[in-house]
Structures are given as structure tokens and as C-alpha cells.
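Right, one structure below, let's go through it.
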Amino acid sequence: MSPTTAAPLDLLPLTPVAFEILLSLSADDRHGYAIMRAVDERTNGRTRLHAGSLYRALARLVESGLIEELADPPKEGADERRRYYRLTQLGRKVGVAEARRLESQVGAARSFGLLGQS
């Protein structure tokens, strides 16, 4: 199945690293180091992406059509030496589908008493 014909649910579940990358790119176009920093800040250091795993995951996400590498830096004054990435329309749909899947799992955990009531 090509990325353009893939249904979002067919691409689930995402790995934690892939989901963190999609979360990071849902806010703004970013280069790899900025993605690592955004994930580190959002998770208060609980999730750390290392360069090797990050760039392998970025390559897989580009190949699957969930993100795209930008030909030019997205903003004036951006570092032209860095590779910038953007969430695609399919990537946003897959991110939403994964968030809903995880939300359902958290709901189940609450109903079975693994988490307190909100």
C-alpha cells in the first residue's frame, strides 16, 4: 500500500518515538535537533530521543508519507545547514488516530481501576 492510499488506522499503532515526532511536528516545522529538544521539554526529560534512533525514525516517517523533508528552511533566518521536516496531511490524520487509540486505552485503564478517576 502506498503512503497516499494508506488509511490512518492501517498505520497504527505507532512506535512511541514516531508518535513523539508527530506530536512535535504538529506544532511547527522543525529540524532534528529541535524535535529532540521539544520532546525532552514536553516530557520533562522522561523521553529522550537519541540522534541515531531519531534520524532512522524520521527516514521511516518520510518513506511512509507521514512527514516530508522541506527543500528550503521554513523561516527566514533558519539554519540552512539543517534538514527541516513538516507533518503531512496523512501524518496529521495518523497522529489524531493514534491519540484517539491511546485515549481509549487510558479510558480502559481507568475503568479497570489501573488509574484513578479524573
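Coordinate-derived values only; no laboratory data. As the structure is a computational prediction, the values presented were derived from the model and not from experiment.
Dividing the helix sum by the residues of the chain, where each DSSP H run of 4 or more adds -39500 (n - 2.57), gives a mean residue ellipticity at 222 nm of -16500 deg cm²/dmol. In plain terms, the chain from residue 111 to residue 51 could stretch by 17.8 nm, reckoned as 0.36 nm per residue minus the Cα-Cα distance. In this structure, the amide hydrogen of residue 30, modeled 1.01 Å from its nitrogen in the peptide plane, lies closer than 5 angstrom to those of 85, counting only residues at least 5 positions away or on a different chain.
The relative contact order of region 10-111 comes to 33 percent, based on Cα pairs under 8 Å that sit 6 or more residues apart.
Counting only residues 5 or more places away or on other chains, whose amide H sits under 5 Å from the amide H of residue 88 once H atoms are built in the peptide plane? Placed amide hydrogens put 67, 68 under 5 Å from residue 88. Evaluated at q = 0.09 Å⁻¹, a Debye calculation over the C-alpha positions of region 10-111 (equal weights, vacuum) places log10 I(q)/I(0) at -0.23. Considering only 102, 61, 11, the mean-square fluctuation computed in a Gaussian network model of the chain, springs between alpha carbons under 10 angstrom, is largest for 102.
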